[in-house]
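All of the numbers you see were taken from the coordinates with simple rules; none came from a lab. The model shown is predicted, which means the values in this text are computed figures rather than measured ones. As a convention, Cβ positions derive from the backbone with ideal geometry for all residues, glycine included, and neighbour counts pool all protein chains shown.
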């Protein structure tokens, strides 16, 4: 089910492979929405709460031994449960626009396609932790995995996920595109291979549609 049924605010998520530029553009998006007079909550996954940020440190750490794929998935949803209850749901009920850097689509892409976990198991966790709550809009910053990985590694030290092989990220990207096909009303695909002004023109066009639909 797309879209929430009970909250008053708007829930927007941002997805894409490493190096696609989603984090760079979230502030740009927040500024446009803020100028439209909306109250905004900026947050991220894994993280967004004190508990969630502690879990994030575990998930991204290169110092810990490699964890089982199921452990990784369950930690993601543990952080998500806390995030929803402490931050996302309260903000939406207050009529705020929640902008979240990654959400459950990332679990389908990274733990599902990347790690090979059965998607039905992820769906069970999604339904348990989220109930009917789904993002209203998801921006997918689409970029070929090789370019994205090169950009990410150029930034400096990489985390545990960014150290995965190219094949892993090719699977992640493919799953993101599959999700966009399955949920065309929710997804807005941003072609992230272009320069920043071109990418931000795409974003502005999509935001105009979203804001006009909710004015």
Filtering strands (runs of 3 or more DSSP E) wholly in segment 6-116 for at least 2 residues that are over 23 Å from residue 183 (Cα atoms) and touching a helix residue (DSSP H, G or I) at 6+ places or on another chain (Cβ under 8 Å) gives 40-44
Here the residues within segment 41-81 that are in contact (Cβ under 8 Å) with a residue 40 or more places away in the chain, surrounded by fewer than 16 Cβ atoms within 10 Å (Cβ to Cβ) and over 18 Å from residue 128 (Cβ atoms) are 42, 60, 61, 62, 69
